[in-house]
Amino acid sequence: MIANLSRRGLLGAAAASGLVLGFRAAGYHPITGAKAAPASALLAPNVYVEIEPTGRVTVVVPRSEMGTGIKTSLAQALADELDAEWGGIVVVQAQGDARYGDQNTDGSRSVRQFLLPLRRAGASARHMLVAAAAERWKVAAADCHTEPGFVVGPTAGQRLGYGALVEAAARQPVPPAEALTLKPSSAWRYIGKPLPVVDLDDIVHGKAVYGIDVVLPGMKYASIERPPVYGGTLKSYDAKAALAVPGVERVVEIPAAPLPAGFAPLGGLAVIANSTWAAQQARQKLTIAWNDGPNGSFDSATYYKALATTAGQPGRALRNGGNVDAALAGAAKRIAADYFVPHLAHAMMEPEAAVARIVDGQCEVWTATQNPQQARQTVAQAIGFDQAHVTINITLLGGGFGRKSKPDYVAEAAFLAHAVGAPVKVTWTREDDIRHEYFHAACAQHMEAGFDADGKAVAWLHRSVFPSIRSTFSPDVTYGAEGEMDQGVVDMPYDIANVRCENGPAAAHVRIGWYRSVYNIPHGFAVGSFVDEMAVAAGKDPVEFIIALLGEPRIVDLHAMGVNYGNYGASLADYPIDTARHRAVVQLAAERSGWGAKLPPRTGMGIAVHRSFLTYVAAVARVGVGSDGTVAVQRIDLAVDCGQVVNPDRVTAQFEGAAIMGLGNTLFSSLSFKEGQVQETNFGDYAVARMDSTPETHVHIVPSEAPPAGVGEPGVPPASAAICNAIYAATGRRIRSLPVDPRQLTTS
């Protein structure tokens with residue numbers, strides 16, 4: 001819904017003049033009741049576009065910018081329909097407020113959810129400007145058109161800048177959505193074009209402000225020692241040595257959250273000082289005794305074995321077509337494999353940080369958050385405020401990957417500011433970041449397939465076992481949610497007559513949270529690897545086998561099969577599972593990668609395809625394996641069908657980054673626990689991909705007029721399988737457990 005709101009009515013400015021458009025989608029609260037603010041306070045708007053009498057256009061972006069370019073892409077969409085001059089656009093970040101609709105920047109949904117509404121908002125402004133000009137010239141609006149920043153009439157000399165029309169345009173009625181004429185793609189100036197990100201100059205010159213950069217007058221600095229075991233509580237402490245450190249002012253106890261903790265802080269002891277360095281040094285001098293609670297005996301080695309045992313047993317069936325048991329029993333050939341992925345940490349470049357200030361009953365926060373409205377709610381709960389008295393200002397994010405949609409660290413800053421009576425900045429160390437994570441879930445999987453005498457697959461069994469994200473928010477959760485099994489299990493697209501997909505129980509002993517591409521990581525690894533194993537068993541080339549396994553191009557109707565499939569919250573009518581698109585990206589990736597070329601010894605190529613977040617991605621990896629088992633990923637090709645593309649440079653960058661993250665998940669990253677505590681501490685023992693392991697990466701975008709789909713996450717899932725399939729092609733040895741153990745690949 002588009003609403004025309006004057007700045008006078010919206011902001012309460014006594015003498016404001018301007019055209020302000022606010023957009024709200026169905027189900028969102030109307031844009032009303034805004035508190036008074038000066039006209040210059042454009043960092044606290046509740047609208048998406050403002051045009052001033054000077055002609056300046058301000059676009060307010062509701063989603064958080066963490067390197068994806070969403071701040072630029074959404075502005076492109078609005079500016080294109082407005083027909084504004086791109087160089088005259090000012091793009092600002094919205095605050096956390098329900099007036100903007102869903103601001104949770106995860107799930108690869110930003111363009112999908114906001115492209116059309118922001119285009120309509122821009123088109124409405126353009127329509128009103130044209131109507132105002134036509135009224136002034138006494139001509140038909142249909143005889144007028146726009147050029148960047150101007151309305152042009154049918155007669156020579158009839159040309160007015162947007163600024164000159166603002167006052168009159170604000171009096172025009174807002175056209176209903178059905179009356180809007182959006183630009184055809186042939187007329188787009190910005191949509192589909194590789195425009196530089198709007199923050200580029202600030203980032204390059206070190207002027208960009210991230211959460212960790214914020215400094216307020218009179219600010220105190222906090223470093224927090226949290227319970228080393230999830231669910232642990234403070235038993236006793238001695239802070240004398242810590243308080244003796246120069247610059248330290250006090251020590252504040254943060255109460256522990258009851259299990260499951262949800263988004264609440266874990267509790268612990270905070271050192272408050274006049275610098276981060278003093279707070280961190282004093283923290284090391286604290287003497288603390290902990291009650292470890294119910295997870296004090298958690299051992300990951302034992303737990304991982306238990307997951308594998310459960311995966312070997314029948315579970316709860318979520319997709320069950322045909323008769324898998326009979327088909328397997330009668331198969332001419334039968335294969336089985338077990339796969340494993342460990343717990344992982346997000347390990348963003350910028351650790352968690354937040355600054356909070358409370359003045360006159362108002363709490364204001366500055367932080368890098370993916371989920372500002374949840375941060376607002378969590379802060380309000382932590383300090384006992386009404387949400388109306390909490391303001392969340394969103395800085396740039398130095399990486400997020402899903403971790404920064406959990407606002408426990410934001411609530412810590414607000415709690416301490418409330419306790420201390422001064423602005424407080426909380427900065428997590430890298431060790432804090434790794435030890436007190438919302439961990440990516442470990443996952444064990446068992447797979448079986450059967451073939452007929454002609455080598456055609458006739459049976460498919462897939463069983464997945466993992467701790468559910470729901471366990472972080474609800475007690476006694478042991479089974480995965482249907483939405484978690486939707487991610488690469490029940491949505492299997494292959495043309496196999498007998499299919500059963502199962503989920504087994506697994507208790508959680510740590511906080512589990514979404515991580516870039518979530519459960520598609522283990523499921524994409526297992527499915528992509530197992531299909532390659534099936535190709536070898538059938539004696540077929542993997543590319544040819546995948547295409548044959550997909551069958552004739554068709555729409556996979558899971559609902560008709562009785563599967564309760566959520567489709568990432570999107571309509572299956574708008575975003576069907578289309579095997580023709582699977583096939584197309586497989587063929588494109590194979591073609592562009594040089595599939596089938598003769599390679600040196602111990603060099604191989606592997607392929608995998610996966611649909612996630614409504615986007616189809618095929619990955620081809622070329623790897624070389626040294627005699628000592630060291631794996632070098634030489635090249636990755638990604639073929640991507642993500643529907644309509646707004647900014648191809650940002651799409652390319654996201655898939656390049658996803659390939660590197662997938663490589664890190666495959667070759668390096670793993671977490672372990674003993675007595676409930678994370679054993680890894682920093683990048684010295686929690687390894688991630690580094691510059692010297694970065695491959696030559698090529699992203700091939702399929703031109704498409706399909707609705708826009710996800711971009712930030714879908715590049716990760718097929719990477720692991722493609723790399724491990726390439727390792728098999730190079731060495732003849734299968735990798736079924738991540739990360740890759742080089743000892744399995746030596747020539748000795």
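Under 5 Å between amide H atoms, partner at least 5 residues away or on a different chain: which partners does A94 have, H built in plane at 1.01 Å?
The list, which skips near neighbours in sequence, is V61.
Report the net charge of residues surrounding S627, where surrounding means a beta-carbon distance below 14 angstrom and charges are Lys +1, Arg +1, Asp -1, Glu -1.
Around S627, the charge tally is +2.
Go ahead and estimate [θ] at 222 nm for the chain from helices alone: -39,500 (n - 2.57) per DSSP H run with n ≥ 4, summed, over the residue count, rounded to 500.
Helices in the chain give a 222 nm mean residue ellipticity of -8000 deg cm²/dmol.
What dipole magnitude, in Debye to the nearest 20, does the chain give about its Cα centre under +1 on Lys/Arg Cβ and -1 on Asp/Glu Cβ?
Taking the Cα centre of the chain as origin, the dipole is about 440 debye.
Using the beta-carbon distance between D454 and D360 and R0 = 56 Å, what value does 1/(1 + (r/R0)^6) give for FRET efficiency, to the nearest 0.05?
Numbers: r = 78 Å, r/R0 = 1.39.
Step by step, r from the Cβ atoms, then E = 0.10.
Among 562-575, 393-406, what's the highest-first ranking by average C-beta atoms within 10 angstrom per residue?
393-406, 562-575
Going toward the positive end of the dipole of the chain, with +1 on Lys and Arg Cβ and -1 on Asp and Glu Cβ, which of Y210, I383, A133 do you reach last?
So the residue furthest toward the plus end is A133.
Over region 135-223, what is the relative contact order in percent, taking alpha-carbon pairs closer than 8 angstrom and at least six residues apart?
Reported as a whole number, the value is 11 percent.
Residues with beta-carbon under 14 Å from that of A706, excluding A706: net charge, scoring Lys, Arg +1 and Asp, Glu -1? Let's see the in-between values first.
On the way: positive: R112, R581, R611; negative: D574, D578, D641, E705.
Result for the local shell: -1.
How many nm separate the modelled label positions at E167 and A317, each set 7 Å beyond the Cα in the direction of the Cβ?
For the pair E167/A317, the computed spacing is 7.4 nm.
Give me the percent of Cα-Cα pairs in region 254-405 that sit more than 25 Å apart, rounded to a whole number. Display every interim value, and only then the final one.
Working: 6573 of 11476 pairs.
For region 254-405, the share of Cα pairs beyond 25 Å comes to 57 percent.
Packing-wise, with mean Cβ within 10 Å as the measure, how do 676-688, 53-65 rank, highest first?
53-65, 676-688
Note down the magnitude of the dipole of region 52-118 about its Cα centre, charges +1 on Lys and Arg C-beta and -1 on Asp and Glu C-beta and zero elsewhere, to the nearest 20 debye.
For this selection, approximately 200 debye.
Could you give the length gained by full extension between K138 and N682, i.e. 0.36 nm per residue of separation minus their alpha carbon distance, to one decimal place?
Numbers: separation 544, 0.36 × 544 = 195.84 nm, distance 6.96 nm.
Result: 188.9 nm gained on full extension.
In whole Å, how far is the Cα centre of region 190-260 from that of region 524-538?
Comparing the Cα centres of region 190-260 and region 524-538, I get a distance of 44 Å.
Under a crude label model (7 Å from the Cα following the beta-carbon direction), how far is V215 from A337 in nanometres?
Spacing of the two 7 Å Cα→Cβ label points: 5.4 nm.
Assuming R0 = 45 Å, can you tell me the calculated FRET efficiency for the pair A329 and E696, based on Cβ-Cβ distance, to the nearest 0.05?
Taking R0 as 45 Å, the efficiency between A329 and E696 is 0.45.
Roughly speaking, what % of Cα-Cα pairs in the chain are separated by over 35 Å, rounded to a whole number?
The answer is 50 percent, as a whole percent.
Run the simple label-point estimate for D202 and D741 please: 7 Å along Cα→C-beta, distance reported in nm.
According to this spin-label approximation, the distance is 4.8 nm.
For region 541-615 and region 454-493, what is the separation of their Cα centres, given in Å?
Taking the Cα centre of each part, region 541-615 and region 454-493 sit 19 Å apart.
Residues in region 724-742 near a label at D628, defined as backbone nitrogen under 18 Å from the 7 Å Cα→Cβ point?
What the label zone holds, given the 18 Å backbone N cut-off, is 740-742.
Name the residue from P294, L200, A621 whose Cα lies farthest towards the positive end of the charge dipole of the chain, charges +1 on Cβ of Lys and Arg and -1 on Cβ of Asp and Glu.
L200
Cβ under 13 Å from D641's Cβ, D641 left aside: what net charge do those residues give with Lys, Arg +1 and Asp, Glu -1? List each step's numbers first, then the result.
Working: positive: R581, R583, R611; negative: D578, E705.
Summing Lys and Arg as +1 and Asp and Glu as -1 gives +1.
No value in this document is a laboratory result; all are computed from the given coordinates. Just so we're clear, the structure is a prediction, and the values are computed from it rather than from any experiment. All Cβ positions, glycine included, derive from the backbone under ideal geometry; neighbour counts span all protein chains shown.
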